[in-house]
Amino acid sequence: MFDTSALAISKRTILIHSLSLRCKNHKRDPSTCSTKNMNTSLMLFSPLITTPSIFPLPKTHHNTTSFPSSRKQHQGRIHSTTKFENFLDLKSEYQPEPLVFDLPWHHTSDHSHFDVIIVGAGPAGIRLVEQVSLYGMKVCCVDPNPLSIWPNNYGVWSDEFEGFGLEDCLDKTWPMASIYIDDNKTKYLDRCYGRVNKRKLKEKLVKSCVLNGVRFYKAKAMQIEHHEFESVVVCDDGVELKGSLVVDASGFRSNFIEYDDHKVKNYGFQIAYGVLAEVDAHPYDLDKVVLMDWRDSHLRDGNSKSYTFMYAMPISSNLIFLEETSLVSRPAMSHMDVKRRMVARLRHLGINVKRVLQDEKGLIPMGGPLPRIPQNVIAFGANSGVVHPSTGFMMARTMTLAPIVAAAINEGLGSTRMIRGKQIYANVWNSMWPIESRVAREYYTFGMETLLKLDLKETRHFFDAFFKLKPYYMQGFLSSSLTLNDLVWMSMSLFAHTSNQSRFAIARKCPELLAKMMVNISLEFIK
Ligand SMILES: Cc1cc2nc3c(=O)[nH]c(=O)nc-3n(C[C@H](O)[C@H](O)[C@H](O)COP(=O)(O)OP(=O)(O)OC[C@H]3O[C@@H](n4cnc5c(N)ncnc54)[C@H](O)[C@@H]3O)c2cc1C
């Protein structure tokens, strides 16, 4: 990790422009062109070379230099403006095709009793379906569109995906990450980051499910009823699916999971607006993902009241995923505010969006209470409290937890044991949320609450100090893998590294939060 200067950045900008020119001269697909022109180490990391069609570009454009204007593009444009036009007028062009698979469907005439019914075929649901089915259990996955492509753009640390044997499901990797603390200071993080190839990941997991005999049912779960040793999922078409255990992996908006009445749902919200865009050029290095760009000199009224940063995945010299992000706010910042800030930032950075290939609107509830543990339905994924309270990430955590939860399910329902009802609910919930993890989560949530209290200057000092930590702490924090002991050491180290101003702010603003965390931790121990 090291600091860099504005001069170094502008040199890189020139390099990117020259790469872009070379691409044009060679009349190549831009998604492959940039990687061909990059240094050897990046080429090693970049599966783009062998799989140019993974980006959601219209097929007709794959062999062209840049992206020629199409009828669709003109139809999508509502107003035509100047060079740095308001890209919000551009409509997203990409409609992902669903997977083509001959899924083994559950037939309504079949009155089978399943071992496990999993509601939702999002990344969490389908990963758990796959892991449970490896034990040979009878599994049914119910989702209104089991073969659709997930809508969000996912980024993960590559080492995490390598650990799961899923590294082939990253369609682009960056050897480093950059963090622009402010207009004068940039930090580099020596950790490889990747963009998830959603189609490939889903295809891989679904293929494994099919091989293991999973049944799929295309419907929306409306209600879950419980009897002593059996649960029933009632679908919107009236069909009832019966099983020993129901897992709800239906995402943030789930209605099936219960919370203790006395716990306040005091979530923080991450708000983001992102576009996969074809641009004339952009100033970001092609070998670094931009984790956070906190520069804000482009905002006339500053960025002080509620603030946002840019997260960017530069794919080639003229293809980039850009996401303006409010890290955490309460109440949630409006999407319109985030979009306006993005327009101002892109104009300032000289990024002219020519086409929007895909867009996404993010609202991620973070922190808040855990669901009641245990309860009859098992939550898994976004509704289970695993979203990182300070970053909003959860993809890798879910991939890690799925085999653990599947093993606990197998312990109870597998062929040798016959544990049903309350005991299996408790065992499975505890596999996901053992006491150490619940305590650590209180600490991560304390981190989020602290961020909510800091102003922009203090936030910058906080991140400046955070990215000075030893890689073990920094990476462990980002991957939610630190123990409580580690977290305490990390906090002390963070406090030691940060500025006097930040120390003062934390000492002034956080005692109440600290006390609250200690109470919550004590409550976890006496439950
Ligand atoms: C815009 C955005 C970007 C994100 N980017 C990242 C990232 O880069 N990295 C990261 O780690 N995390 C990221 N996250 C956070 C998190 O990883 C995602 O929200 C992730 O999609 C959650 O996965 P999930 O399977 O739990 O839920 P979902 O992805 O929401 O999937 C839920 C599934 O359940 C189905 N469903 C819903 N209701 C029912 C019902 N009643 N019956 C049957 N099926 C139902 C839905 O159709 C869907 O298929 C992002 C979140 C958002 C919103």
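Values quoted throughout were computed directly from the atomic coordinates according to the rules given, and no laboratory measurement underlies them. Computed from a predicted structure; not experimentally measured. FYI the Cβ positions are ideal-geometry reconstructions off the backbone, even for glycines, and counts take in every protein chain you see.
Eigenvalues of the Cα gyration tensor times 5, then square-rooted: what semi-axes does that give for segment 273-414, in whole angstrom, largest first?
On the way: eigenvalues 260, 72, 26 Å².
Computed over segment 273-414, the values are 36, 19, 11 Å.
Fewest Cβ neighbours within 10 Å first, please rank THR108, THR400, THR445, THR173 accordingly.
THR108, THR400, THR173, THR445
Using the number of other C-beta atoms within 10 angstrom as an exposure proxy, rank LYS265, LYS422, LYS339 with the fewest first. Let's see the in-between values first.
Numbers: LYS265 9, LYS422 13, LYS339 18.
By the 10 Å Cβ count, ascending, the order reads LYS265, LYS422, LYS339.
Once the convex hull of the C-alpha atoms of segment 165-304 is built, how many Å³ does it hold per residue, rounded to a whole number?
Details: hull volume 34.1 nm³, N = 140.
Dividing the Cα hull volume of segment 165-304 by its residues yields 244 Å³.
In whole Hz, with x marking every Gly and Pro, tabulate ³J(HN,Hα) for segment 502-511 from phi via Karplus 6.51 cos²θ - 1.76 cosθ + 1.60, θ = phi - 60°.
5, 4, 4, 4, 5, 4, 7, 9, 9, x
Step through the table entries LYS204/LYS339; LYS339/LYS457; LYS198/LYS470; LYS204/LYS468; LYS220/LYS339; LYS207/LYS265, compare each Cα-Cα distance with 30 Å, and write down the pairs that go over it. Can you show the working numbers first?
Numbers: LYS204/LYS339 35 Å; LYS339/LYS457 22 Å; LYS198/LYS470 32 Å; LYS204/LYS468 38 Å; LYS220/LYS339 32 Å; LYS207/LYS265 38 Å.
With Cα atoms farther than 30 Å apart: LYS204/LYS339; LYS198/LYS470; LYS204/LYS468; LYS220/LYS339; LYS207/LYS265.
Packing-wise, with mean Cβ within 10 Å as the measure, how do 501-510, 185-194 rank, highest first? Provide the component values of the computation, followed by the final result.
Details: 501-510: 15.6, 185-194: 19.2.
Highest mean packing first, the order is 185-194, 501-510.
When averaged across all projection directions, what area in nm² does the alpha-carbon convex hull of segment 436-526 cover? Spell out each step's value before the answer.
Values: hull surface 21.4 nm².
Here the figure is 5.3 nm², rounded to one decimal.
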